[in-house]
There are 2 protein chains.
Amino acid sequence: MLYAGFMSAALPPFPQPQEPVDKPHLLEVGSAPDEPCLRADAARNRARLLEAAARLIAEHGAAGVTMEAVAAEAGVGKGTVFRRFGDRTGLLTALLDHSAKKLQADFLGGPPPLGPGAPPVERLRAFGIAVLYRSAEQLDLQLAAQPEPTRRYSHPSARALHTHVTMLLRQTLPDADCDLLAQTLMAYLDPALINHLTRQCGMSMERLEKGWLDLVDRVTRTGV
Amino acid sequence: MLYAGFMSAALPPFPQPQEPVDKPHLLEVGSAPDEPCLRADAARNRARLLEAAARLIAEHGAAGVTMEAVAAEAGVGKGTVFRRFGDRTGLLTALLDHSAKKLQADFLGGPPPLGPGAPPVERLRAFGIAVLYRSAEQLDLQLAAQPEPTRRYSHPSARALHTHVTMLLRQTLPDADCDLLAQTLMAYLDPALINHLTRQCGMSMERLEKGWLDLVDRVTRTGV
DNA sequence: TAACGATCCGGACCGAGGTCCGGTTACGTT
DNA sequence: AACGTAACCGGACCTCGGTCCGGATCGTTA
């Protein structure tokens, strides 16, 4: 099983034709009981689609899989795919949802140094390493799931990570513009960059890791 | 006139069907006299296409212009557009070529603090500000011209900037992994990020500017 | 200037993402 | 159990980026 999170939330009363429907519900830790829950057939199809996508991607690579093929493999109409996941990015993102939620759980409530309990800078270091390796594992999928430039940073998952880094930074550098610094740190962990450095420049993961630790040091080094 | 650089280089002897043809010739400072020069009609059409594209983009925005429309506006076949510029990204990049070359000339041979003559850190500061404002001016075009994640960092223009930053860093931090640090600094100047921060988060350019100066300080701050 | 070959042109063609809407199905209600 | 409606399904359809190749052009050589 590569996927998870089969429940999803529907939009407000209005079934306005062709809208996402499958918002990434990260960070919704026990809030509003707002889960209309899919109709039985819809849920079944959703599951089938994720399975089918995972199968095809394992076989042909994320880049070589067409939406129509996924629909066919799932024994479902093309419209159903788009109704459920909005667009290609949405489907791919849903496949990453499991590991995304796990990561989030780890740094929100897991054991130190990733989770609470360790000093902020320590957590920051661990965070980077964790993200680095997670991205490396699923590079192809991460790349294929990357939305167009306009949406890249507004994506809920990206914002969650960014928010966390900002918080850690603020605990260390109360007077700095942590929002911007966090953005910079996150940029270092961008899958596209990791891809470039490892596959096109031939750098080793160890080097990237060292680079992260060094970067964190430099950024958090308080005044001269 | 928004465009420039009407000359272009053709590929080796073999006219292998459907290949770029219009490589961005940045960094070719007076090297090989390797410029077969386009045939008259080809050059004429290239110019027409750039004009047409600039017109349409000014009118409908970079995102709302189709390749076919550009071809039509230029009174040319669709195939001609792709033969000349390879793909959509290629055409958009060509439109940015003028300002790209100007920027490059400025920091390679212009007056300090951008050009040689000022201390490296000073040049780095000026460089970031310059790139920041250049991107802000042509945000839409820069966004639309951004290639897919896999090619983003390998693009010649990006590499040129990166190389320069690396050099400046190495003059300041001879013992650091300047390649990686440069990548981080460049990431701060990514058009997609600037777009997000200014238009989606509502930050001011002044804040971004301060952020850059601060970042450069932190990164170049030599050991405790 | 006539003829020839390399280069280029154009628009029909293809594949893939995304949309639409008539028909179908699930589920609460009576 | 029959019914009504909201939600869902499917696949035809559209658009747009990108490809292909027969035919037209340019520039050169004789």
Next item on the list: State which entries of A:Lys78/A:Lys101; A:Lys210/B:Lys101; A:Lys102/B:Lys210; A:Lys210/B:Lys102 exceed 30 angstrom in Cα-Cα distance in the structure shown.
Entry: A:Lys210/B:Lys101; A:Lys102/B:Lys210; A:Lys210/B:Lys102
Next item on the list: For A:Asp175, place a label point 7 Å out from Cα along the Cα→Cβ vector, do the same in each other copy, and report the separations in nm, one decimal, smallest first.
Entry: 2.8
Margin query: When a/c reaches 1.5 or more, the comparison of a/b and b/c decides; with that in mind, is the stretch A:132-224 rounded, prolate or oblate per its Cα gyration tensor?
Written below: oblate
Next item on the list: Could you grab the relative contact order for the stretch A:90-142? Cα pairs under 8 Å, six or more apart, rounded to a whole percent.
Entry: 26 percent
Note to self: Taking the rotation axis that maps chain B onto chain A, which residue of B brings its Cβ closest to that axis, and at what distance in whole Å?
What the structure shows: B:Ala187, 2
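FYI, it's all coordinate maths here, none of it is from the lab. Just so you know, these numbers come straight off a predicted model, no measurement behind them. Here Cβ is always computed from backbone atoms with ideal geometry, including for glycine, and neighbour counts include all displayed protein chains.
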